[in-house]
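Quick notes on the structure that follows.
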Amino acid sequence: MKRLLAVTVAAVALSATLVSGASANHSWSGYHWATGGTGFSLVLGSNLTSDGTTAWPELLGTASSQWSSSDVLNLSITNGNDPGRLSRKCSPTSGRDEICNYKYGNNGWLGLASIWLSNGHIAQGTVKLNDSYLGAGSTYAYNNANERQHVVCQEIGHTWGLDHQDTSGAAYGTCMDYFHNTASDTTSTTPDQGDYDELDCIYNAKDAGQPISYAGDATHHSHACTGTGHNDGLATPGAAGFGNAGEEIPSWANPNESVYVTHLPNGMTEITYVRWAYPFH
């Protein structure tokens, strides 16, 4: 996901100020699941555990319910391919997302969202949540329930083709921003109307070519997008039977970047979005 930068005094002040003007659309390079032009249903495979601090299963349930408030996205949760275990590998499953937590190490990232493209569409996705920063015993400055909610909401948001609404570190009132939540601040823990509008722009064929705008309010920024939705002729994500592939970050990945792309031998393209810890390691 996002790279977390050192927060200056100016950035902190900005986080409490509503910025005027609509932000650009935040589709992630046009990546999308194949659909019938009216949205789609997607299963989230939960491989999550709770250590008494994280409550990841409950946080995923909250994020799933919030994203399902979109007009075009309906989520459900089932046992993952490693149910009840901490899963280091977090192996993908064709046609759905696998969501995992593990002590992946003090390697600089809080979460990884990976998608696999085949025939121009997202075929499968995974989300990794790093307990080394966000689990019990961690001394990470933002190890709190609100930041965990922010991370899981944002990571799964990437897997249906959303980018960030903003990357300045300001609070845009959405989990798709770069803000860091404190224990008492829930500002950026949920999707907002701009996120729901962007999903309509991506997936609803009836909105193709049509502008959708959101004026914002005291805690949420304005947003605008133009519909690109179309009918792919498919109602079931991953219906073409895409194969699985290992999802580790490529060895050549630049740790100063946030998005890594690798082309796999089976013809699929793997794309990983990194959310960095603050301060950046």
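Here is how the numbers come out for the structure above:
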item	result
Leading residue by the ranking (farthest from the chain's Cα centre (by Cα)) among those in the stretch 59-77 that are open to solvent by 60 Å² or more (accessible area, probe 1.4 Å) and over 14 Å from Ile156 (Cα atoms)	Asp71
Pairs, first in a loop (DSSP other than H, G, I, E, B) in the stretch 106-122, second aromatic (Phe, Trp, Tyr), C-beta under 6 Å, six or more apart	Gly108/Trp276
Number of the exception - Ala123 against (1) open to solvent by 10 Å² or more (accessible area, probe 1.4 Å); (2) of a type outside the set (Ser, Thr, Tyr); (3) at pLDDT below 95	(1)
Positions within the stretch 201-223 being out of contact with any strand residue (DSSP E or B) (no Cβ under 6 Å at 6 or more places or on another chain) and either among the β-branched types (Val, Ile, Thr) or not in a loop (DSSP other than H, G, I, E, B) (or both), in sequence order	Tyr203, Asn204, Ala205, Lys206, Thr219
Yes/no for Tyr133 being more than 19 Å from Thr62 (Cα to Cα), surrounded by 24 or more Cβ atoms within 10 Å (Cβ to Cβ) and modelled with pLDDT of 95 or more	yes
Filter result (of a type outside the set (Gly, Ala, Ser), closer than 15 Å to Gly157 by Cβ and out of contact with any helix residue (DSSP H, G or I) (no Cβ under 8 Å at 6 or more places or on another chain)) within the stretch 178-218	Tyr178, Asp192, Gln193, Tyr196, Asp197, Glu198, Leu199, Ile202, Tyr203
Criterion violated by Thr93 - all others in (1) in a loop (DSSP other than H, G, I, E, B); (2) β-branched (Val, Ile, Thr); (3) without any contact (Cβ under 8 Å) to a residue 60 or more places away in the chain satisfied	(3)
Residue match in the stretch 45-61 (condition: in contact (Cβ under 8 Å) with a residue 40 or more places away in the chain, in a strand (DSSP E or B) and under 21 Å from His32 (Cβ atoms))	yes
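The values are calculated or read from the model by the stated rules, or taken from the named source; none is laboratory data. All values derive from a computational prediction rather than experimental measurement. Neighbour counts are summed over all protein chains in view; Cβ atoms, including those assigned to glycine, are modelled from backbone coordinates with ideal geometry. Accessible surface is based on the protein model in full, side chains and every heavy atom, while ligands, DNA and RNA are left aside. Shrake-Rupley method; radii C 1.70, N 1.55, O 1.52, S 1.80 Å.
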